[in-house]
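Colleague: Handing you a structure now.
The values are calculated or read from the model by the stated rules, or taken from the named source; none is laboratory data. Here the structure is a predicted model, which means the values were calculated and not measured. Counting neighbours? That spans all protein chains shown, and the Cβs are built from the backbone with ideal geometry, glycine included. In case anyone asks, the SASA skips ligands and DNA or RNA and just uses the protein heavy atoms, side chains included. Shrake-Rupley method; radii C 1.70, N 1.55, O 1.52, S 1.80 Å.
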Amino acid sequence: MSEIVYLNGEFMPLEDARIPVLDRGFIFGDGIYEVIPVYSGHPFRLPEHLARFERSHQAIRIANPMSDAEWTRLVRELIARNAGDDQSIYLQVTRGVARRDHAFPKDVKPTVFGMSNLLSTPAREVVDGGVHAITAIDYRWLKCDVKSTSLLGNCLLRQAAADADAIEVVMFRDGFLTEGSSSNVFVVKNGVVLATPKNNLVLPGITYDVVVELARANGLPIEVRPITEAEVRSADEIWVTSSTKEVLAVTSLDEKAVGSGKPGAVFGRMYKLYQDFKSTVMRQAA
Ligand code: PDD
């Protein structure tokens, strides 16, 4: 089954999808996106993803071209037309096609694109063994809360991690933890889960919300507050979370063991809570 994508009102094979070179997404990275995990054919936390997508539209001043009901129909159609029980649905909107000028063009129609990728949740060995991360100064812009397709900073930082055989980069700005290149970061110290506050320096992750909710609902001590670089470097556990990584334990940071060097007990608890929650939600959707 060839991959079917959606572009400006039509479904087509991926290889047939074309955009004009003057699309502002191509020229300026002038667009926004969402990545929605799909388990057993059911999108996970879709209303929350669509609410964040709406906030991204508002932040970059593009009128959302579709209602939530229309986005939901599109997501379901992409799932149905593509292979795999577990998928990740990618949605992107750009400001549209216009002669190159930084200021917004008048009367252009946004470009709307959607595709599906197979979602492979982290393998058991990765969950049980943990992952490596490096650290870096967060030199991205000051609107990291917008899920923008302008991702050059994130790509450069992620490549630095890849060059070091690490899965992610844990970033600091002015001595405080921000996030990863494509994930949020949690820390555990003395049994307390520490989460970064939601502000303009981090993407408000949908997985982050699930983890915070699960900690609170299950009596895991959690504090949402600024986390210093020193706290990260002396943490008992570090986790990264995202729609495609779910929750993973970072077991070495800059080649130094985190805690015991193995995924910690609190991670084990959260990983199970997350998987149980996913199963419950999917059972209810079925
Ligand atoms: N990235 N922070 C950044 C910078 C991200 O790009 C992402 C997600 C997250 C986690 O958000 P969520 O839990 O909603 O996936 C945090 C997606 C998966 C991506 O760009 O592919």
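Colleague: Restricting to DSSP H runs of at least four residues, report the calculated mean residue ellipticity at 222 nm for the chain, -39500 (n - 2.57) per run over all residues, nearest 500 deg cm²/dmol. Intermediate results must be reported in sequence, preceding the final value.
Modeller: Values: 8 runs with 89 residues, N = 286.
For the chain, the value works out to -9500 deg cm²/dmol.
Colleague: Suppose every K and R has +1 on its Cβ and every D and E has -1 on its Cβ; what is the size of the dipole of the chain about the Cα centre, in Debye to the nearest 20?
Modeller: My answer is approximately 580 debye.
Colleague: Rounded, prolate or oblate: which fits the stretch 56-152 when a ≥ b ≥ c are the square roots of the eigenvalues of the alpha-carbon gyration tensor, with rounded for a/c under 1.5 and prolate only if a/b beats b/c? Mind dumping the intermediate values first?
Modeller: Working: a/c = 2.86, a/b = 1.29, b/c = 2.22.
Here the stretch 56-152 falls in the oblate category.
Colleague: Among the lysines, which have Cα under 21 Å from the Cα of LYS198 when same-chain residues fewer than 8 positions away are ignored?
Modeller: Reachable lysines: LYS143, LYS147, LYS189, LYS245.
Colleague: Out of the total accessible area of the stretch 157-286 (probe 1.4 Å, heavy atoms of protein only), what percent is carbon and sulfur?
Modeller: Carbon with sulfur: 52 percent of the solvent-accessible area.
Colleague: Within the set of other residues whose C-beta is less than 12 Å from the C-beta of ARG173, count the net charge using Lys and Arg as +1 and Asp and Glu as -1.
Modeller: Values: positive: ARG140; negative: ASP138, ASP174, GLU179, GLU229.
Its environment carries a net charge of -3.
Colleague: Now for a separate question. Assuming a ≥ b ≥ c are the square roots of the Cα gyration tensor eigenvalues, decide whether the stretch 1-103 counts as rounded (a/c under 1.5), prolate (otherwise, with a/b larger than b/c) or oblate.
Modeller: oblate
Colleague: Same structure again: Would you mind working out the magnitude of the charge dipole of the stretch 88-162 relative to its Cα centre, with +1 at each Lys and Arg C-beta and -1 at each Asp and Glu C-beta, to the nearest 20 Debye?
Modeller: So the magnitude is around 440 debye.
Colleague: May I pose another question? Give me the angle, in degrees from 0 to 90, between the Cα long axis of helix 152-163 and the longest principal axis of the Cα atoms of the chain, rounded to the nearest 10.
Modeller: 50
Colleague: What is the angle, in °, between the Cα long axis of helix 46-59 and the longest principal axis of the Cα atoms in the chain? Nearest 10 is fine, range 0 to 90.
Modeller: Helix 46-59 and the main axis of the chain meet at about 70 degrees.
Colleague: Please give me the summed charge of the neighbours of VAL5: other residues whose Cβ is under 13 Å from its Cβ, Lys and Arg +1, Asp and Glu -1.
Modeller: Counting the neighbours of VAL5, the net charge comes to -3.
Colleague: Here is a further query. Mind ordering 81-88, 257-264 by average Cβ neighbours within 10 Å, highest first?
Modeller: Final packing ranking: 257-264, 81-88.
Colleague: Considering amide H positions built from the backbone, and no H for Pro or chain starts, which residues 5 or more places from VAL187, or on another chain, come under 5 Å of its amide H?
Modeller: Residues meeting the amide H criterion: LEU194, TRP239.
Colleague: OK, next. Among the aspartates and glutamates, select those whose C-alpha is under 13 Å from the C-alpha of LYS262, and discard any that sit fewer than 8 residues away in the same chain.
Modeller: Partners within reach: GLU125, ASP128, ASP236, GLU237.
Colleague: Of the heavy-atom accessible surface of the stretch 1-119 (probe 1.4 angstrom), what whole percent is carbon and sulfur?
Modeller: C and S fraction of accessible area: 52 percent.
Colleague: Using unit Cβ charges (K, R positive; D, E negative) and no other charged atoms, how large, in debye to the nearest 20, is the dipole of the stretch 124-243 about its Cα centre?
Modeller: The calculated dipole for the stretch 124-243 is roughly 360 debye.
Colleague: If you take the square roots of the eigenvalues of the alpha-carbon gyration tensor of the stretch 107-188 and sort them as a ≥ b ≥ c, do you get rounded (a/c under 1.5), prolate (a/b over b/c) or oblate?
Modeller: It comes out oblate by the Cα gyration axes.
Colleague: Could you rank the peptides 32-38, 192-198 by their average count of other C-beta atoms within 10 Å per residue, with the highest value first?
Modeller: 32-38, 192-198
Colleague: So how do 267-276, 130-139, 217-226, 237-246 stack up, highest first, on mean other-Cβ count within 10 Å?
Modeller: By packing density, highest mean first, the sequence is 237-246, 130-139, 267-276, 217-226.
Colleague: Now for a separate question. Taking only protein heavy atoms and a 1.4 Å probe, what accessible area per residue, in Å², does the stretch 135-286 have with all protein chains in place?
Modeller: Ligands and nucleic acids excluded, the result is 44 Å² per residue.
Colleague: Fully extended, how many nm does the chain gain between SER234 and ASP107 (0.36 nm per residue separation, minus their Cα-Cα distance)?
Modeller: Numbers: separation 127, 0.36 × 127 = 45.72 nm, distance 5.32 nm.
Separation in residues times 0.36 nm, less the Cα-Cα distance, equals 40.4 nm.
Colleague: Further question on the same structure: Rolling a 1.4 angstrom probe over the protein heavy atoms, how many square angstrom per residue are accessible across the stretch 1-103?
Modeller: 50
Colleague: Can you work out ³J(HN,Hα) from phi for every residue in the stretch 70-79, in order, using Karplus 6.51 cos²θ - 1.76 cosθ + 1.60 and θ = phi - 60°, giving whole Hz and x for Gly and Pro?
Modeller: Here the 3J(HN,Hα) series is 5, 4, 4, 4, 4, 4, 5, 5, 4, 4 Hz.
Colleague: First measure r as the distance between the Cβ atoms of ARG73 and VAL281, then evaluate 1/(1 + (r/R0)^6) with R0 = 25 Å and state the FRET efficiency to the nearest 0.05.
Modeller: Working: r = 20 Å, r/R0 = 0.81.
It comes out at approximately 0.80.
Colleague: Taking H as built 1.01 Å from N, whose amide H comes closer than 5 Å to the amide H of LYS262, not counting residues under 5 places away?
Modeller: Sorted by chain and number, the residues that satisfy this come to none at all.
Colleague: Also, I was wondering about something else. Alpha carbon centre of the stretch 241-286 versus the stretch 204-235: separation in Å?
Modeller: Each part reduced to its Cα centre gives a spacing of 12 Å.
Colleague: Apply the Karplus parameterisation 6.51 cos²θ - 1.76 cosθ + 1.60, with θ equal to phi minus 60°, to every residue of the stretch 245-260 and state each ³J(HN,Hα) to the nearest whole Hz, in sequence, with x for glycine and proline.
Modeller: These are the phi-based 3J(HN,Hα) values: 8, 6, 10, 10, 8, 8, 9, 9, 10, 6, 6, 10, 4, 8, x, 7 Hz.
Colleague: By a straight-distance test (C-alpha under 18 Å), which aspartates and glutamates pair with LYS106 as possible cross-link partners, with residues fewer than eight away in the same chain excluded?
Modeller: Partners found: ASP23, ASP30.
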